[in-house]
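Okay, structure first, notes after.
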Amino acid sequence: MCKMIHTVGNMVKIPPEEEVSRHVSSGNIIFVGKMSYDPNIVAVTFFVNEIFPVLRKAYPGLNFTIIGANPAEQVRRLGEVDGVNVTGFVESIVPYFLDATIVVAPMLTGAGIQNKIIQAMSHGCCVATTPVGAEGLTIANNEIAIYDSTSQWIAGLKSLLDDREARAVMGGRARQYVIGHLSPQIISQQFRDFIKSGGIG
């Protein structure tokens, strides 16, 4: 006997309007995640080695900030690169989201919805990731940028760095995506539908 399949997504608390990015900064790229987690280490190492030097040559004032608890030694060493800052644990991520030009998640490994991505989206940030990072999201309206190669990353980020309006529009779409798909109201309804279907028991 076949049963109906119900999907209950990851829930994201929707930040108030005062915690939504206004896209006023032009030179701050950030990454957020637990920095002892191997896929995050691989992601930031790739970004610092392959993408950031090319971008910083074109944008000399550009900075890349790696935010997250317990940075591995490999990550701490990345902080020795000009323009790269490793914060370790921070009390609140909100100020960083508000000041971010672009939030990157150049994930090459890992699986499933990346909470760091949907959290940044909820704050209206301009987010760029890979097909791996976008797993579990139904991106159909340019809510985030998805790049599949080093050349795409470099060209795509240059385009976004040059266009504040494009970043703001993308961030607005990202926030609306989270509100419409992953907000507490939406996820609660998905769970109620699951219960009504007899999915437990």
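Structural remarks
- Residue, farthest from residue 27 (Cα to Cα), within segment 160-182, restricted to residues that are outside any helix (DSSP H, G or I) and over 16 Å from the mean Cα position of the chain (by Cα): 163
- Scanning segment 138-159 finds no residues that are in a loop (DSSP other than H, G, I, E, B), modelled with pLDDT under 95, open to solvent by less than 60 Å² (accessible area, probe 1.4 Å) and under 16 Å from residue 67 (Cβ atoms).
- If only residues of segment 172-185 that are in contact with a helix residue (DSSP H, G or I) (Cβ under 8 Å, 6 or more places away or on another chain) and among the small types (Gly, Ala, Ser) are counted, the one that is least open to solvent (accessible area, probe 1.4 Å) is 174.
- Checking each residue in segment 47-98 for being touching a Ser or Thr at 6+ places or on another chain (Cβ under 8 Å), closer than 21 Å to residue 147 by Cα and not hydrophobic (A, V, I, L, M, F, W, C) picks out 50, 65.
The values are calculated or read from the model by the stated rules, or taken from the named source; none is laboratory data. Bear in mind that the values here come from a model prediction, so they are computed numbers and not experimental data. Because the Cβ atoms are built from the backbone with ideal geometry, glycine has one as well, and the counts that use them run over all protein chains shown. These accessible areas exclude ligands, DNA and RNA; they are computed on the full protein's heavy atoms, side chains included. Shrake-Rupley method; radii C 1.70, N 1.55, O 1.52, S 1.80 Å.
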